[in-house]
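To start, the structure under review is shown below, and the notes come after it.
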Amino acid sequence: MTSLKHRFPGVSDGWARFDGPAGTQVVDTAITAMTNWLSDGSNGCGGGYFAAAQAADEMVERSRATVAQLFGADPAGVAFGPNMTSITFAISRAIGATLKSGDRIVGTRLDHDANVTPWRRAADQAGAQHVLAPFDPATGTLPPENVIALIDERTKWVTLPGASNLLGTAPDLKPIIDAAHAVGARVFIDAVALAPHHRINIAELGCDALVTSPYKWYAPHSGMLWMEPELLDALPVFKVRPSYDHGPRRFETGMPNYEAIAGVDAAARFLLEEGMDRIQAAENELFAPLLDGLNAINGVTVWGVKGLVGRTPTAAFTVAGCAPAEVSQALAAEKVAVWDGHNYAVEVVDQLGLADKGGVVRAGISRYLEPADVERLLRVVERLATSS
Ligand SMILES: Cc1ncc(COP(=O)(O)O)c(C=O)c1O
């Protein structure tokens, strides 16, 4: 595995950054793209006749095309926004306006709350039902049948996780998408935790909408939506009258975050150049020893999927006799960054019975980590497990 640490200025300070599932460090070319955008005279608002205004429009369209290539999708469906949560609330609000009493939205308990609460609110306002399929707490998997059993002719939308941000589970989406389409329902995928690690091809998946957070794939803080272009034009989105009536700009309320979009373009190019299959293989080379090392420590429980298949390289674990927050504090003292708690996957920790126990410790592999970082994390956890 070739180390890519040198491409990430943010990790030159000696910290081992396992906090990637919350947000990754930014790749050098994305930092340069943002700096250039802000300093070379391109910085302007789109829609005008002068050079900077045209540069703004061209840059946004170029970024849509790059992101579309990365995700195997039609660029006409790519919209940018501040983050996944804000985009999802905007979409669910528009979709809510199309629902009527008795309609149904089917979701899952494996999801981050940003793919649960927006739909609950939309359903409540329309008098529609919002039901959640459970995952299997013993294996951390989401059997497609659990979701398919809830899909019926009342179902208008099915909302799915590309991967769990807590357990790493990457469910088999295709059978669920097919079952939803068979009754005329649409499918929305939260691919925030999947996109940094696995190749996604929207055309092959056949979903109707998909969201990611580029700041979790080496880009600056931002959100991104892909929606099937005809649907995107048809949804009654909440927008001001003078703004665009057609295309992705309908969703981009207010002035776009141009400098972030310039960085997203560069980060998407980085992923395309590296290749998602190679990224997945390289990450698994580090994740395998992390997982094996954690499993080998007496007193450590790794929650969720066993092995490397059907998952992303994110581990959720607890240490007997040690609260998750104590584990992350001990790791921070050794310059190892992890997160603890529910990480907004409130349904997941609830189903695992960990809600009142401080949740889990979460450590994720990103492309700038190296074997020495994994060894450092394991040494601290082993010391804690043997002393508690
Ligand atoms: C799986 C998943 N979905 C949604 C979100 C929310 O993303 P954002 O911060 O872009 O709103 C996160 C953030 O951690 C996440 O991991």
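In the Gaussian network model of the chain, springs joining C-alpha atoms below 10 Å, which of Q125, Q25, Q280 carries the largest mean-square fluctuation?
Q125
First select every other residue whose beta carbon is under 12 angstrom from the beta carbon of T139; then total the charges, Lys and Arg +1, Asp and Glu -1.
+1
Cα gyration tensor of segment 275-387, axes a ≥ b ≥ c as square roots of the eigenvalues: rounded (a/c below 1.5), prolate (a/b > b/c) or oblate?
oblate
Check the chain and count each lysine pair with an alpha-carbon distance under 25 angstrom, considering only pairs eight or more places apart or from different chains.
So the count of such lysine pairs works out to 12.
Rounded to the nearest 20 Debye, what is the dipole magnitude of segment 289-388 about its Cα centre when Lys and Arg each give +1 and Asp and Glu each give -1 at the C-beta?
160
Where a ≥ b ≥ c are the square roots of the eigenvalues of the C-alpha gyration tensor, would you call the chain rounded, which needs a/c under 1.5, or, failing that, prolate if a/b is larger than b/c, or oblate?
Oblate, because a/c is 1.5 or more while a/b does not exceed b/c.
For D136, what accessible surface area do you get with a 1.4 Å probe? Give it in Å², rounded to 10.
Number for this one is 50 Å².
Could you work out [θ]222 nm for the chain from helices alone, using -39500 (n - 2.57) per DSSP H run of at least four and dividing by all its residues? Round to the nearest 500 deg cm²/dmol.
Counting only the DSSP helices, I get -12000 deg cm²/dmol.
Work out the length of the dipole vector of segment 1-129 about its Cα centre, built from +1 on the beta-carbon of each Lys and Arg and -1 on the beta-carbon of each Asp and Glu, and round it to the nearest 20 debye.
Rounded to the nearest 20 debye, it is 420 debye.
Would you tally the net charge around R376, using a Cβ to Cβ cut-off of less than 12 Å, leaving R376 out, and scoring K and R as +1, D and E as -1?
Summing Lys and Arg as +1 and Asp and Glu as -1 gives -1.
Per-residue counts of other Cβ atoms within 10 Å, averaged by peptide: what ranking do you get for 39-47, 113-121, highest first?
Averaged packing, sorted descending, gives the order 113-121, 39-47.
Give the ranking of K306, K239, K100 by solvent-accessible surface, highest area first, calculated with a 1.4 Å probe.
Descending order: K306, K100, K239.
For segment 275-387, what is the accessible area per residue in Å², given a 1.4 Å probe and the full set of protein chains?
About 42 Å² of surface per residue is accessible.
State the percentage of accessible surface on the chain attributable to carbon and sulfur atoms; use a 1.4 Å probe and exclude ligands, DNA and RNA.
53
Count the DSSP beta bridges whose two residues both fall in the chain, then state the antiparallel fraction as a percent rounded to the nearest 5.
So the antiparallel bridges in the chain amount to around 55 percent.
With the cut-off at 1.5 for a/c, could you classify segment 208-305 from its C-alpha gyration tensor as rounded, prolate or oblate?
Prolate.
Over segment 29-273, give the accessible area per residue in Å² for a 1.4 Å probe, as an integer.
Normalised by residue count, the accessible surface of segment 29-273 is 39 Å².
Remind me, relative contact order of segment 29-273 in percent, using alpha carbon pairs under 8 angstrom and six or more residues apart?
Worked out over segment 29-273, it gives 27 percent.
The values are calculated or read from the model by the stated rules, or taken from the named source; none is laboratory data. Treat the numbers as computed from the prediction; the structure is a model and nothing was measured. Ideal geometry is used to build each Cβ from the backbone, glycine not excepted, and the neighbour counts take in all protein chains shown. Surface areas here come from the heavy atoms of the whole protein model, side chains and all, with no ligands, DNA or RNA. Shrake-Rupley method; radii C 1.70, N 1.55, O 1.52, S 1.80 Å.
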